[in-house]
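The values are calculated or read from the model by the stated rules, or taken from the named source; none is laboratory data. None of the values given here were measured: they were computed from a predicted structure. Neighbour counts run over all protein chains shown; Cβ positions are idealised from the backbone, glycine included.
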Amino acid sequence: MRRGRERLHYLNPAPIHEIEQRWISGFDRPRLQAISAIKSQAEEYAMTETTSVPTYVYVTYIHASAEQVWHALTDADLTARYWGHANVSDWQPGSTWEHRRVDGSEHVDASGRVVEAEPPTRLVITFEDSDEERPNGPSVVTFLVEPHEGIVRLTVTHENLPNHEMFNGIANGWPAVLANLKSLLETGDVLPHAPWDMPRTNV
């Protein structure tokens, strides 16, 4: 269409839209669907990470035999020395266990059941530190005792924790208990001061 010396052109978008719908979108749609799926999974993972409580794992190496470590984990007199509590049970699968104070009160601060017992390498127990009913059940502690080049690698895994408060508590508690256990087995005596009574310093 002319207007004076100018020639005006008009673009009809309908055919271009039809081409996009008929040809291009067929190739583009899977890519967009994949991107959308990745976005949804990333958002779901981020939400899970912020709300769930992680599993706590602690590994230590002890100059002792697997039998000695197992005995230290299951003997009430020894646990009383390095833990300040006597862990009382016959350590048979299905049996109960109790974490009793040794201050004369015999108050039970934690208890549970023996899930697995494979001396001297594997012990799995439930760990309940309150009477509160938890929808996911009690937390679970696994002791894995592995001979490692003449020494023992002890791995403690504490999972199914109900909240971050308990996670923070055991994150401070387990290293202290296991440091005392290691000292007892390697030197014949516990540390000069109970690690859990020492003031924590921020580095």
For this session: For segment 131-148, enumerate the residues that are part of a loop (DSSP other than H, G, I, E, B) and on the phi < 0 side of the Ramachandran plot.
Result: D131, E132, E133, R134, P135, N136, P138
Problem set entry | Among (1) surrounded by fewer than 16 Cβ atoms within 10 Å (Cβ to Cβ); (2) touching a residue at least 60 places away in the same chain (Cβ under 8 Å), the one test that L185 misses | (1)
Exercise. If we only count strands (runs of 3 or more DSSP E) wholly inside segment 65-124, which ones have 3 or more residues that are within 24 Å of P147 (Cβ to Cβ) and out of contact with any His (no Cβ under 7 Å at 6 or more places or on another chain)?
Worked result: 108-118
Exercise. Among the polar types (S, T, N, Q) and at pLDDT 95 or above: does that describe T157?
Worked result: yes
